[in-house]
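Participant: Structure provided below as structure tokens; questions to follow.
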Amino acid sequence: TAGGNSDDTGYGNFFYDVPAGFLAMCSGNLPVADAVDPAQTEDNIPQELFFMSDYNGNLTGRTITTENQPDLLMIRHWTTGQNWYTLDSNRVITDNKYILTNTTGAEATLPQANITSVGATSVGISSGTWLNSTGATYQMWMWRANGGTTSTNSSGSINVTQQVDPSGGFSISTYSDTAGTPTIGHGLSSAPTFVIVKQTNGTHNWAVYAAGAGATKYGFLESTSGFGTDNMWGNTTPTDTLVYLGVYTQTSGSGRNYVAYCFADTEGYIKSGYFEGNGNTNGPFVYTGFRPSLVMRRRIDGSGSWLVKDDARNPTNDGSIEVLTWNNDGAENPQAETSDGVDFLSNGFKLTDSDGSVNGSGGTYIYMAFGQSLVGSNNVPCTAR
């Protein structure tokens, strides 16, 4: 019978008095490392670094609640076709300067002042039809960096204007380049495993480096072509401080302005790499170490799209998937799992499809996953007696 007696930490409802030095057997009394304890890392947990919001358009100005202040924002409606509007705080989000992941186009301006404000936990949207059309459902994917506060990173041959997130796993860099084979400092806590570079003042491809493909290969984010083999990344793997750029105008060139988004594997938050397909509905399991909230996949030894699944539009592994592709402005494409199957699991994801574009036998696929799972909590009730 419960007697109202708790241990030294306040857990339990025991019949007898608990002896000094003894604790109830419950998760609340287990030690939690500072690195994963939300009480110690309030600005550094995955939910504060990557988050998503959705809303239904109504042609009325409104404020959309977010988990934190976004510094990289991708937004579009997914019930019908629309471009992937990509904005970042290095270029000031409320200036409405966007680039599109599905085209090679230069930076342009949203014509209706569509993003009116960016706050600590909100994004303001105007009544304009581009991002608030009646009957359309919109989704925002958001990454946090440093709240728009930039500094100069001069560790490479080119100085970059930069901000880095509190985890050291994501950075935004803007730079202008002269001719040559330059390097830029990425500012991360470890070598980046995924780098995306786009010229903003001209028409050019989105250049992609993926550690899963290697430094001698490159892809274009707006394209379905297989990865090419050339000197796009100086044939050199990024180091703990530098990203190497080749002699190609996609990443460097006199009189050109660029933005670079760099990502490094970060425990509980970011994981990228590659897997080999087996051409079976019992496909490979890919370990990330956390439950993914968003997974991007792409075949590199053949043509394919940059497939994106998130758990906002797909909250359960229910036998169907709503496919979006970063290289395409088409509407969400509801398909059966046999067409593009992937299940999100507690520590990774598993392919459940035999199609060559996502799990072909012998095919090589890169991926990048982001997590939102809360790791560790002392707030667990205890009923030990």
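Participant: Being in contact (Cβ under 8 Å) with a residue 60 or more places away in the chain, over 19 Å from residue 90 (Cβ atoms), part of a strand (DSSP E or B) and among the small types (Gly, Ala, Ser) narrows it down to one of 124, 135, so name that one.
Facilitator: So the residue among 124, 135 that is in contact (Cβ under 8 Å) with a residue 60 or more places away in the chain, over 19 Å from residue 90 (Cβ atoms), part of a strand (DSSP E or B) and among the small types (Gly, Ala, Ser) is 124.
Participant: Restricting to the stretch 232-256, and then to whatever is under 23 Å from the mean Cα position of the chain (by Cα) and outside any loop (DSSP other than H, G, I, E, B), can you tell me which residue is surrounded by the fewest Cβ atoms within 10 Å (Cβ to Cβ)?
Facilitator: So the residue we want is 242.
Participant: To continue, here is another question. Could you tell me whether the stretch 150-167 includes any residue that is under 30 Å from residue 300 (Cα atoms), open to solvent by 20 Å² or more (accessible area, probe 1.4 Å) and assigned to a strand (DSSP E or B)?
Facilitator: yes
Participant: Any idea which residue in the stretch 156-194 is farthest from residue 237 (Cα to Cα), counting only those that are hydroxyl-bearing (Ser, Thr, Tyr) and out of contact with any Ser or Thr (no Cβ under 6 Å at 6 or more places or on another chain)?
Facilitator: 176
Participant: Kindly indicate which of 236, 229, 161, 266 is over 23 Å from residue 370 (Cα atoms) and touching a helix residue (DSSP H, G or I) at 6+ places or on another chain (Cβ under 9 Å).
Facilitator: 161
Participant: I would also like to ask the following. Find all pairs meeting these conditions: Cβ atoms under 7 angstrom apart; at least six residues apart or on different chains; first residue within the stretch 100-118 and without any contact (Cβ under 8 Å) to a residue 12 or more places away in the chain and closer than 20 Å to residue 256 by Cα; second residue among the acidic types (Asp, Glu) and part of a loop (DSSP other than H, G, I, E, B).
Facilitator: Final answer for the pair search is none.
Participant: Right, another one. Just to be sure, is residue 215 among the aliphatic types (A, V, I, L, M), without any contact (Cβ under 8 Å) to a residue 40 or more places away in the chain, at negative phi and buried (at least 18 other Cβ atoms within 10 Å of the Cβ)?
Facilitator: Considered against the rule, which asks whether it is among the aliphatic types (A, V, I, L, M), without any contact (Cβ under 8 Å) to a residue 40 or more places away in the chain, at negative phi and buried (at least 18 other Cβ atoms within 10 Å of the Cβ), residue 215 comes out as yes.
Participant: From the list 340, 310, which residue is open to solvent by less than 10 Å² (accessible area, probe 1.4 Å), in contact with a helix residue (DSSP H, G or I) (Cβ under 8 Å, 6 or more places away or on another chain), at pLDDT below 90 and under 30 Å from residue 105 (Cα atoms)?
Facilitator: 340
Participant: Within the stretch 290-316, track down each residue that is free of Cβ contacts under 8 Å to residues at least 60 places away in the same chain and of a type outside the set (D, E, K, R).
Facilitator: Across the stretch 290-316, the qualifying residues are 307, 308, 314, 315, 316.
Participant: Moving to a separate point now. Of the residues that sit in the stretch 175-212 and are hydrophobic (A, V, I, L, M, F, W, C) and open to solvent by 20 Å² or more (accessible area, probe 1.4 Å), which one is farthest from residue 152 (Cα to Cα)?
Facilitator: Looking at residues that are hydrophobic (A, V, I, L, M, F, W, C) and open to solvent by 20 Å² or more (accessible area, probe 1.4 Å), I get 211.
Participant: Which ones in the stretch 32-67 are modelled with pLDDT under 80 and either over 21 Å from residue 288 (Cα atoms) or in contact with a Ser or Thr (Cβ under 9 Å, 6 or more places away or on another chain) (or both)?
Facilitator: 32, 34, 35, 37, 38, 39, 40, 41, 42, 43, 44 - these are the residues of the stretch 32-67 that are modelled with pLDDT under 80 and either over 21 Å from residue 288 (Cα atoms) or in contact with a Ser or Thr (Cβ under 9 Å, 6 or more places away or on another chain) (or both).
Participant: Next question, about the same structure. Take the conditions crowded, with 17+ Cβ neighbours inside 10 Å and within 22 Å of residue 201 (Cβ to Cβ) and apply them to residue 126. Does it pass?
Facilitator: Here the answer is no, as residue 126 does not meet what is asked.
Participant: Related question: Would you please list the contacts, defined by Cβ atoms under 6 Å and residues six or more apart or on different chains, that run from a residue in the stretch 249-261 that is under 25 Å from residue 165 (Cβ atoms) and of a type outside the set (Lys, Arg) to a residue that is open to solvent by 60 Å² or more (accessible area, probe 1.4 Å) and assigned to a strand (DSSP E or B)?
Facilitator: 257/176
Participant: Does residue 27 fit the bill of being at pLDDT 90 or above, more than 20 Å from the chain's Cα centre (by Cα) and more than 19 Å from residue 113 (Cβ to Cβ)?
Facilitator: no
The values are calculated or read from the model by the stated rules, or taken from the named source; none is laboratory data. No experiment lies behind these values; they were computed from the predicted model shown. As a convention, Cβ positions derive from the backbone with ideal geometry for all residues, glycine included, and neighbour counts pool all protein chains shown. For accessibility, only protein heavy atoms count, side chains too; no ligands or nucleic acids. Shrake-Rupley method; radii C 1.70, N 1.55, O 1.52, S 1.80 Å.
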